[in-house]
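Heads up, the thing below is written out as structure tokens.
Each reported figure results from applying straightforward, stated rules to the coordinates on display, with no laboratory input. On a predicted model such as this, the values are computed, not experimentally measured, just so you know. No Cβ is skipped: glycine too gets one built from the backbone with ideal geometry, and neighbour counts run over all protein chains shown.
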Amino acid sequence: MDILRCKTPSMVRKEIYVYLLAYNLLRSLMWSAGTTHATPPLRLSLQGTRHHLNNFIPQLLTAYSKKRLQIYSTLLKVIAHKAVPERPGRSQPRVRKRRPKAYPLMTKPRHELNKQLQTA
């Protein structure tokens with residue numbers, strides 16, 4: 001809670017913008033990988049793309065321009081290769097799993113309830 005109090009609204013806004021920027025970067029990378037390698041972009045994993053990008057970043061930073069293009073095309077190939085399988089009918093109903101119990105609430109200390117149970 002203290003962390004939230006010390007952030008100004010403009011800092012929170014900037015942080016949200018950074019997350020949106022990162023999300024859009026990943027989605028555009030997925031789109032490029034899907035269209036380049038004939039894989040539907042909506043079937044690509046967002047977290048898989050993030051994972052692969054994190055693994056490729058050190059190589060991309062240290063490579064010169066021609067090698068960087070080769071690494072980028074390899075990254076797109078790896079992302080497109082890891083398509084999520086088709087899973088039809090995966091919608092789940094919104095319901096509560098736990099059902100209320102038929103027992104009364106504990107309103108007395110446990111030792112009193114145990115004594116009451118033993119005398120009954």
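Okay, residues lined up against (1) surrounded by 11 or more Cβ atoms within 10 Å (Cβ to Cβ); (2) in contact with a Gly (Cβ under 7 Å, 6 or more places away or on another chain); (3) free of Cβ contacts under 8 Å to residues at least 12 places away in the same chain:
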| site | (1), (2), (3) |
| --- | --- |
| Met30 | yes, no, no |
| Leu69 | yes, no, yes |
| Val78 | yes, no, no |
| Pro88 | no, no, yes |
| Gln92 | no, no, yes |
| Val95 | no, no, yes |
Selection count where residues are surrounded by 10 or more Cβ atoms within 10 Å (Cβ to Cβ) and under 19 Å from Ala33 (Cα atoms), scope region 46-67: 13
Residue list for region 45-61, filter: in contact (Cβ under 8 Å) with a residue 24 or more places away in the chain and in a helix (DSSP H, G or I): Gly48, Thr49, Arg50, His52, Leu53
Selection status of Lys82, surrounded by 10 or more Cβ atoms within 10 Å (Cβ to Cβ), more than 13 Å from Ser32 (Cα to Cα) and among the charged types (D, E, K, R): yes
